[in-house]
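In what follows, a structure is listed as structure tokens, so that the remarks can point back to it.
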Amino acid sequence: MTIYRDALPSEHDDIVDLINYAFGMQAQQALAKAYGDGEVLESRHKVAVDETTGRIKASVAVYPQTVHVGDMTLHAMFLGCVCVHPRFRGEGHMGRLIRMWHDELRVEGDVDMMVLWGLRHRYAHFGYAPCGYGYTYEINRSCVKHALADPAEPRGLAGRDPARLSFRPFFTRDGDAELAVRLNDARLVHAERPLPLVGRIDSYLNSEAVAVDRDGETIGYLVRAVGDPSVVREIALADPADAGAVSARYLESLEPRGRSSFTVKVTPTDAALNERFSGFSETATVGTVCRCLVFDYARLLACWLPVAARLWRLEPGRLSLVLGGQPVTVEVGGDGSVHVERSADPDAPALSDADAQDLIMGLGARYRRDLPSAPAGWFPLPVDWYWPDLN
């Protein structure tokens, strides 16, 4: 018989061993922000345990995260480290534990949305759908030679000599951690990164942080993949106008490694960086990283629509719907003001969770004639996470 319950503190090492075995990793290093020695980010685990032997067959963790969305705060809960011992796969343990978490967190009532980083169709069965979008820009030698060197290009190198820039391992000088937190907190949308743990956060899952210095003064940082420095997973600059100079210098630093281009990820809410990179990059692609399950549609809309209104123009209008059983009415004024009510018109269209999440966050909803038509600019909501904030 299998018992499903909360993990005991004494089972921590056994859970980490199971994670390492199931995923072929060393969680103490790759996921140090949650499983390293000393202070870590909060996590909670549920386990499937053999009643006779006490052996852990499966484990599913959740990781709470506070996200500042414009002037509001959203409470997300990441679902992660979903692992089943190979000998016990196919017995339904993963599904049982995930549903236990959903039921418990809905009752607790302080979670606005569940988020995970995993295979889309594996988790669609549990209600998770693609969540928002992000941009990935490619910069190559042609971008530096032509676009950035063009004196008429306002996003170019004028007055910003790349030769004055240098790179070094981040978090190796006093003040690096404080700068990392300040740059993150200055974003329109950002997940909280506690000062004592910011170094571990920026090294999440085989990443390394690189400081950007100008004449010895740190002006920002990059987070890149350890195995491939041409994959930049995050960029933060005190002055986004330095994006061109940093790109030129960084590409030059990669040439001894045989790289002739690199990519950089930017969330849709980093408006100044998107304006810069879209002006000189070779290509820009749009992709989805996360999957989510919305617990509170009104809260999600009240957080993210005002942010969208600050980024671009929202067509004024009104939309009344029942989303996953939750009545919601949204109004956007001509001044960009957003008002959300937890009520709906008697004849408001009722959408399932799958359709509701596709409407407000899916990239393909505009092609679906069976979904209600929202005013221009409303959807998909600009929801996205930088790599270090995933779990």
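No value in this document is a laboratory result; all are computed from the given coordinates. This structure is a prediction, so every number in the text was calculated from the model and none was measured. Using ideal geometry, Cβ is built from the backbone for each residue, glycine included, and neighbour counts are taken over all protein chains shown.
If you filter region 297-391 for chymotrypsin sites (Phe, Trp or Tyr not before Pro), then keep DSSP loop positions with at most 12 other Cβ within 10 Å, what is left?
Listed in order of number, the matching sites are Trp312.
How are the Cα pair distances of region 51-176 distributed, in percent, across 10 Å bins from 0?
Using 10 Å bins, I get a P(r) of 9, 24, 20, 19, 17, 9, 2, 0 for region 51-176.
On full extension of the chain, what length is gained from Asp71 through Asp37, given 0.36 nm per residue of separation minus the C-alpha to C-alpha distance?
8.8 nm
Report the relative contact order of region 267-391, percent, no decimals, based on alpha-carbon pairs under 8 angstrom and at least 6 residues apart.
Normalised by residue count, the contact order of region 267-391 is 27 percent.
Report the Cys residues of the chain lacking a disulfide-compatible partner, meaning no second Cys Cβ under 4.7 Å from their Cβ.
Isolated Cys, the chain: Cys81, Cys83, Cys143, Cys303.
Quick one: length gained pulling Gln26 to Ser337 fully straight, 0.36 nm per residue minus the C-alpha distance?
Extending this stretch completely gives an extra 107.2 nm.
Quick check for you: which residues of region 342-370 have the amide N under 19 Å from the point 7 Å beyond the Cα of Arg318 toward its beta carbon?
Residues 342-350 qualify, since their backbone N sits under 19 Å from the label point.
Over the chain, what per residue volume does the convex hull of the Cα atoms give, in whole Å³?
156 Å³
Considering every Cα-Cα pair within region 72-133, what fraction, in whole percent, is farther apart than 18 Å?
41 percent
Gaussian network model of the chain, Cα springs within a sub-10 Å range: biggest mean-square fluctuation belongs to which of Thr285, Thr218, Thr136?
Thr285
Can you list the GluC sites (Glu not before Pro) in region 206-303 that are in a DSSP coil and have 16 or fewer other beta carbons within 10 angstrom?
Within region 206-303, the qualifying GluC sites (Glu not before Pro) (loop, at most 16 other Cβ atoms within 10 Å) are Glu282.
Among all helices in the chain defined by DSSP H, which have a length of 18 Å or more along the axis from Cα atoms plus a Kyte-Doolittle mean of at least 0.0?
Sorted by number, the helices that extend far enough and score high enough are 297-311.
Considering the Cα positions of region 2-111, please state its Rg to one decimal place and its Dmax as a whole number of Å.
For region 2-111, the Cα radius of gyration and maximum Cα-Cα distance read 14.7, 52 Å.
Only helical DSSP H runs with n ≥ 4 go in: add -39500 (n - 2.57) per run for the chain, normalise by residue count and round the 222 nm mean residue ellipticity to 500 deg cm²/dmol.
Rounded to the nearest 500, it is -7000 deg cm²/dmol.
With a 10 Å radius around each residue's Cβ, average the other Cβ atoms per peptide and rank 58-68, 122-132, highest first.
Per-residue mean Cβ counts within 10 Å order the peptides as 58-68, 122-132.
Write down Rg/Rh for region 134-287, rounded to two decimals, with Rg from the C-alpha atoms and Rh from the Kirkwood relation over Cα pairs.
Over the Cα atoms of region 134-287, Rg/Rh equals 0.93.
For Cα pairs less than 8 Å apart in space and 6+ apart in sequence, what is the mean separation divided by the residue count of region 1-50, i.e. the relative contact order in percent?
51 percent
Set the Förster distance to 56 Å, then compute FRET efficiency between Arg259 and Thr52 from the Cβ-Cβ distance, nearest 0.05.
0.55
Going by how many other beta carbons lie within 10 Å of each one, how would you line up Val111, Val286, Val181, Val232, fewest first?
Ascending number of Cβ neighbours within 10 Å: Val286, Val181, Val111, Val232.
For Cα pairs less than 8 Å apart in space and 6+ apart in sequence, what is the mean separation divided by the residue count of region 2-111, i.e. the relative contact order in percent?
Reported relative contact order: 23 percent.
Of the trypsin sites (Lys or Arg not before Pro) in region 306-364, which ones lie in a loop per DSSP and count no more than 13 other C-beta atoms within 10 Å?
Arg313, Arg342
Can you tell me which lysines have their Cα less than 17 Å from the Cα of Lys46? Leave out same-chain residues fewer than eight positions away.
Lys57
If the viscosity is 0.692 mPa s and the temperature 37 °C, what translational diffusion coefficient in µm²/s does Stokes-Einstein give for region 222-381 when Rh comes from Kirkwood over Cα pairs?
Translational D for this selection: 181 µm²/s.
Apply the a/c threshold of 1.5 to the C-alpha gyration tensor of region 218-280 and tell me whether it is rounded, prolate or oblate.
Because a/c hits 1.5 or more and a/b exceeds b/c, region 218-280 counts as prolate.
Quote the charge dipole size of the chain about the Cα centre in Debye, to the nearest 20; the model charges only the Cβ of Lys and Arg (+1) and of Asp and Glu (-1).
The calculated dipole for the chain is roughly 980 debye.
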